[in-house]
Every structure is written in C-alpha cells, then in structure tokens.
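Every number in this text was worked out from the coordinates using simple rules, so none of it is lab data. Owing to the predicted nature of the structure, the values given are computational and were not obtained by experimental measurement. We place every Cβ from the backbone using ideal geometry, glycine too, and count neighbours over all the protein chains shown.
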Amino acid sequence: MEHILLLHGAIGAKDQLQGLSEKLSSTYNVHNISFSGHGGTPYSGAFSIKQFAEEVLAYVNSNGLDKVNIFGYSMGGYVGMYLARYYPERINKLVTLATKYHWDPAIAEKENKMLDADVIASKIPVFAAALEKRHAPNNWKDLLLKTRDMLTAMGNDNPLRTEDYGLVNQPILVLLGDRDKMVSLEEILQVYKYLPNAQMGMLPGTAHPIEQVNNAYLTFLIKTFISEPSK
C-alpha cells in the first residue's frame with residue numbers, strides 16, 4: 001500500500017486527524033505525527049516552517065520511506081508545500097486543506113490577536129482546557145507564544161514566495177471550505193494559478209476548524225486524487 005502522512009495545523013496535534021486516519025487506513029499506510037511541542041512532544045527550539053519540515057524529513061527517513069503522499073491541514077499544508085518546493089524527491093502527491101499561504105505583518109498581527117493565552121483562558125475556558133489537555137505535559141501558553149513568534153516571522157518574511165509555487169511540479173490538490181473565515185478564496189486561487197500541476201476543490205458547508213470537516217467526503221477527495229494517474 002502507498003504511504004500517506006497527515007500533518008496537523010497550528011496549536012493542534014495528531015489526535016485531531018485520528019478520524020481521517022481511520023478512514024484512510026483501509027487504503028493506505030497512514031502516518032500521523034505531531035510537530036515538536038505539540039500534543040505533548042518535546043520542544044525542539046523555536047517554531048518555524050523550516051523546522052517542522054525538517055521534522056517531517058527526519059520521520060520519513062527514520063521509517064525508511066522513500067516518497068510519501070501528504071495531507072496537510074492549515075499550517076500542516078504549508079509545511080507540505082514547503083517540502084514539495086525544497087524536497088520534491090520525497091513527495092509524491094500533496095493535498096492541502098484550509099492553508100493560509102499569504103502572510104504579511106498585518107495578517108500576522110491579526111492572527112496573533114486570536115492566540116492571546118490570557119484572553120482565551122478568561123473568555124473561552126473550554127478551549128483553554130482543551131489546549132491544556134491536548135499539549136500536556138507542555139504548557140499550552142508557551143505553545144501559543146512560540147506560535148505567535150512563528151507567525152510574526154512569517155509575516156515579516158514569508159517562507160514561500162509567489163515565484164516558489166511555479167517551481168512545485170508534483171500533483172497538488174488545494175482544498176478550501178466554503179465557510180472558511182480565516183483563508184480567503186482569492187488567496188487560494190492566486191496560489192492555485194501559479195502551481196503547474198494542481199487541482200482545486202471546495203468543501204461545502206465547511207468552516208476552518210478541522211473538527212467541522214466531513215471526514216467521509218474529505219477521504220473520498222483524497223483517495224480520488226491520489227489514485228489518479230500522474231500526468
């Protein structure tokens with residue numbers, strides 16, 4: 001069976017993709033990992049797309065995998081695209097969902113306002129408790145601080161620039177929920193148009209949070225895309 005690696009989003013962990021993993025497991029050898037500092041894994045320095053990409057490569061190498069398919073949600077999709085750009089020989093096909101590719105200082109500042117640990121703890125205590133449980137024994141507030149630093153850095157110097165997408169030749173499926181309020185259709189279209197070998201799809205009735213995604217439909221899209229002969 002082919003291998004597929006699932007990559008979670010910012011401040012998330014692999015448990016959020018467990019439902020998708022189970023649905024894909026009848027067709028693929030599924031690998032579901034948490035980035036450093038997430039889901040209780042040890043920290044490994046500052047957060048960055050490059051650092052997370054290197055962690056994926058280390059996992060692939062340690063498991064003796066030559067090439068893998070990747071599904072990346074949100075930040076995980078960005079990591080997948082970064083790998084496709086800089087390590088194309090290791091990526092077969094890539095599916096991204098709800099990935100924000102356009103970053104600048106204003107966008108980073110806007111996103112960081114939603115990652116204020118004190119505000120979350122006081123106004124959304126249920127979410128704070130979920131973060132504490134998901135990332136224990138790590139301090140979830142430290143995780144948010146590291147994520148904020150990463151987004152600020154991305155806003156100042158986007159790891160992927162417009163010209164990079166034209167150099168990504170692997171088959172790419174770019175997906176977006178039609179009710180996503182974090183990622184706009186316009187920015188997804190811009191990236192899609194630059195990718196030489198890409199398809200694009202919309203998930204109906206779908207907002208940004210991965211918990212609101214219809215895993216059965218997403219599984220169908222992933223399987224259909226990966227099973228298509230590469231051009």
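Return yes or no: is GLU2 among the charged types (D, E, K, R) and over 30 Å from ASP116 (Cβ atoms)?
Working: among the charged types (D, E, K, R): yes; over 30 Å from ASP116 (Cβ atoms): yes.
For GLU2, the condition - among the charged types (D, E, K, R) and over 30 Å from ASP116 (Cβ atoms) - is met.
Given the options TYR59, TYR101, name the one that is surrounded by fewer than 19 Cβ atoms within 10 Å (Cβ to Cβ), under 17 Å from the mean Cα position of the chain (by Cα) and of a type in the set (Phe, Trp, Tyr). I'd like the intermediate steps shown before the answer.
Details: TYR101 fails: surrounded by fewer than 19 Cβ atoms within 10 Å (Cβ to Cβ).
Among TYR59, TYR101, only TYR59 is surrounded by fewer than 19 Cβ atoms within 10 Å (Cβ to Cβ), under 17 Å from the mean Cα position of the chain (by Cα) and of a type in the set (Phe, Trp, Tyr).
State all residues of the stretch 211-231 that are assigned to a helix (DSSP H, G or I), touching a residue at least 60 places away in the same chain (Cβ under 8 Å) and either more than 27 Å from ALA13 (Cβ to Cβ) or out of contact with any Leu (no Cβ under 8 Å at 6 or more places or on another chain) (or both); if no residue qualifies, say none. Explain how you work it out, then say what you get.
We begin by selecting, within the stretch 211-231, every residue assigned to a helix (DSSP H, G or I); these are 211-212, 215-227.
Adding the requirement that they be touching a residue at least 60 places away in the same chain (Cβ under 8 Å) leaves 211, 215-216, 218-219, 221-223, 225-226.
Of everything in the stretch 211-231, those that are assigned to a helix (DSSP H, G or I), touching a residue at least 60 places away in the same chain (Cβ under 8 Å) and either more than 27 Å from ALA13 (Cβ to Cβ) or out of contact with any Leu (no Cβ under 8 Å at 6 or more places or on another chain) (or both) turn out to be GLU211, ALA216, ILE226.
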Among the candidates LYS146, LYS141, LYS133, single out the residue that is part of a helix (DSSP H, G or I), without any contact (Cβ under 8 Å) to a residue 12 or more places away in the chain and closer than 18 Å to PHE35 by Cα. LYS133
If you check ASN158 against the conditions, is it touching a residue at least 40 places away in the same chain (Cβ under 8 Å), under 17 Å from GLY76 (Cα atoms), surrounded by fewer than 19 Cβ atoms within 10 Å (Cβ to Cβ) and not acidic (Asp, Glu)? yes
So which residues in the stretch 1-37 are buried (at least 16 other Cβ atoms within 10 Å of the Cβ), touching a strand residue (DSSP E or B) at 6+ places or on another chain (Cβ under 7 Å) and part of a loop (DSSP other than H, G, I, E, B), if there are any at all? HIS8, GLY9, TYR28
With respect to the numbered conditions (1) touching a residue at least 60 places away in the same chain (Cβ under 8 Å); (2) of a type in the set (A, V, I, L, M, F, W, C); (3) within 24 Å of GLU186 (Cα to Cα), which one is the sole condition not fulfilled by ILE91? (3)
Cross-chain or 6+ apart pairs with Cβ under 7 Å, the stretch 7-31 first and of a type in the set (Asp, Glu), then part of a helix (DSSP H, G or I): ASP15/ARG134
Return only the number of the condition from (1) surrounded by fewer than 16 Cβ atoms within 10 Å (Cβ to Cβ); (2) among the small types (Gly, Ala, Ser); (3) in contact with a His (Cβ under 9 Å, 6 or more places away or on another chain); (4) not in a loop (DSSP other than H, G, I, E, B) that GLY40 does not satisfy. (4)
ALA46 vs (1) out of contact with any Gly (no Cβ under 7 Å at 6 or more places or on another chain); (2) assigned to a helix (DSSP H, G or I): all pass except (2)
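I need the full set of residues from the stretch 54-103 which are assigned to a loop (DSSP other than H, G, I, E, B) and either among the aliphatic types (A, V, I, L, M) or out of contact with any strand residue (DSSP E or B) (no Cβ under 6 Å at 6 or more places or on another chain) (or both), in order please.
Filtering the stretch 54-103 down to residues assigned to a loop (DSSP other than H, G, I, E, B) leaves 63-67, 74, 87, 98-103.
The answer is ASN63, GLY64, LEU65, ASP66, SER74, TYR87, ALA98, THR99, LYS100, TYR101, HIS102, TRP103.
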